[in-house]
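Student: Input: one structure, supplied below.
The values are calculated or read from the model by the stated rules, or taken from the named source; none is laboratory data. Predicted, not measured: the structure shown is a model, and the values here were computed from it. Neighbour counts run over all protein chains shown; Cβ positions are idealised from the backbone, glycine included. Keep in mind that these areas ignore ligands, DNA and RNA; they rest on the heavy atoms of the full protein, side chains included. Shrake-Rupley method; radii C 1.70, N 1.55, O 1.52, S 1.80 Å.
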Amino acid sequence: MSKLSEMDKSGVLTTHEGTSTSGYGVAVYILGLALLMVTFYFAYELLFRKTKGVASGGPTFIIAGPSGSGKTSLFTSLRYGNKSTTLPSVEQNVSTKFRLPNLPDTAKPFVLIDTPGHHKLRHGMFSALQVAQAARTMQGVLYVVDASAMSRPERLREAAEYLYDILRITERVRGGTDVLVAANKSELFTAVPAKRLRTLLEVELDKIRESRAKSVDKVGAGGDKKDADDSDEDDSGVIGGSLWLGRVGEKGPFKLEDLETEVTVIDGSVDNNKIDGWVGWMEERAVN
């Protein structure tokens, strides 16, 4: 009887332990599900929030350019009418109710997107541009550069490489997507004038085109793809399309005027509130 009792107790104890383990498993399952939902939420925000303004369907202007060129200051100046001290952006600033000053109040508001300039964060700009072009809402790209730094070869190279990847996307639509090279900080003594800057960019874009063409040939001939990829900035966000900019097989130096995309270079200064030329460029595209 005593042994049976012990067995009974043992059995009860075993049953109780089994129930405890089952309850623990349910708790772990619920916690895992919650973590999965949170992960999906942040993944959604990361992947799709950057194009929420574009998805609204409004006519869109995108501000892009190398880090430190004055993009976010331009965004705040256009959006709120005054400049502010800013830090390098790590995410996009989006306004879905942007209005140009000289257009009637009845005009449809625009989507204005300010994008980070660091090369590891540029995929968001490429995505937004491709989405807007596909939706046929893209009005133009304001490509902001620090004109006072364009006499330094490494800064000019960086600006040209980013511009090259943008132009590869704008060239995919019939007629291209217009691009304004906003030569910011033009009031500084070291600033390169707009006409000279256009020439410098063309020369640098030509070098990049030749360099990338050679890289592709090297890979095609069985070379090291890593060595080819290291030749220029990472353009992994530029999906599809040719690495060659301009007419395939064309001879002679590269010229911006040969592109479908209309590229305009205009001097200006956010700090001195001299952005009328840039605003005028936007208004011309807004009414066409």
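Student: For GLU233, are the conditions met, namely being of a type in the set (D, E, K, R), modelled with pLDDT of 95 or more and in contact with a Phe, Trp or Tyr (Cβ under 8 Å, 6 or more places away or on another chain)?
Tutor: Judged against the criteria, GLU233 is not a match.
Student: Given the condition in a helix (DSSP H, G or I), crowded, with 18+ Cβ neighbours inside 10 Å and out of contact with any Gly (no Cβ under 8 Å at 6 or more places or on another chain), answer yes or no: does some residue in region 175-196 qualify?
Tutor: Start the filter on region 175-196 by keeping residues that are in a helix (DSSP H, G or I), which leaves 194-196.
Checking the rest, the ones that are also crowded, with 18+ Cβ neighbours inside 10 Å come to 194.
Going one step further and asking which of them are out of contact with any Gly (no Cβ under 8 Å at 6 or more places or on another chain), we end up with 194.
Within region 175-196 (the criterion being in a helix (DSSP H, G or I), crowded, with 18+ Cβ neighbours inside 10 Å and out of contact with any Gly (no Cβ under 8 Å at 6 or more places or on another chain)), the answer is yes, since at least one residue qualifies.
Student: I'd like the full set of residues that are more than 20 Å from ALA134 (Cβ to Cβ) and at pLDDT below 95, limited to region 45-65. If you could, list the steps in order and put the result at the bottom.
Tutor: Of the residues in region 45-65, the ones more than 20 Å from ALA134 (Cβ to Cβ) are 45-46, 65.
If the condition is that a residue be more than 20 Å from ALA134 (Cβ to Cβ) and at pLDDT below 95, then GLU45, LEU46 are the ones that fit.
Student: Within region 160-193, can you find the residues that are of a type in the set (Gly, Ala, Ser) and out of contact with any Ser or Thr (no Cβ under 8 Å at 6 or more places or on another chain)?
Tutor: Answer for region 160-193, where residues must be of a type in the set (Gly, Ala, Ser) and out of contact with any Ser or Thr (no Cβ under 8 Å at 6 or more places or on another chain): ALA160, GLY175, ALA182, ALA183.
Conditions tested, residue by residue: (1) of a type in the set (A, V, I, L, M, F, W, C); (2) outside any strand (DSSP E or B); (3) under 29 Å from VAL203 (Cα atoms).
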site: GLY58; (1), (2), (3): no, yes, no
site: GLY68; (1), (2), (3): no, yes, yes
site: VAL94; (1), (2), (3): yes, no, no
site: LYS108; (1), (2), (3): no, yes, no
site: PRO116; (1), (2), (3): no, yes, yes
site: SER127; (1), (2), (3): no, yes, yes
site: VAL141; (1), (2), (3): yes, no, yes
site: TYR162; (1), (2), (3): no, yes, yes
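Student: Among the residues of region 197-211, are any touching an Asp or Glu at 6+ places or on another chain (Cβ under 7 Å), open to solvent by 30 Å² or more (accessible area, probe 1.4 Å), of a type outside the set (A, V, I, L, M, F, W, C) and touching a residue at least 24 places away in the same chain (Cβ under 8 Å)?
Tutor: Looking for residues that are touching an Asp or Glu at 6+ places or on another chain (Cβ under 7 Å), open to solvent by 30 Å² or more (accessible area, probe 1.4 Å), of a type outside the set (A, V, I, L, M, F, W, C) and touching a residue at least 24 places away in the same chain (Cβ under 8 Å), one finds none in region 197-211, hence no.
Student: Out of the residues in region 111-150 that are open to solvent by less than 10 Å² (accessible area, probe 1.4 Å) and small (Gly, Ala, Ser), which is nearest to the chain's Cα centre (by Cα)?
Tutor: GLY124
Student: Separate question: Would you please name the residue that is modelled with the highest pLDDT, looking only at residues in region 151-174 that are open to solvent by 10 Å² or more (accessible area, probe 1.4 Å) and among the aliphatic types (A, V, I, L, M)?
Tutor: For region 151-174, the residue satisfying everything is LEU156.
Student: Of the residues that make up region 74-90, is at least one of a type in the set (Phe, Trp, Tyr) and either farther than 28 Å from ALA160 by Cβ or at pLDDT below 90 (or both)?
Tutor: The answer is yes, given that some residue of region 74-90 is of a type in the set (Phe, Trp, Tyr) and either farther than 28 Å from ALA160 by Cβ or at pLDDT below 90 (or both).
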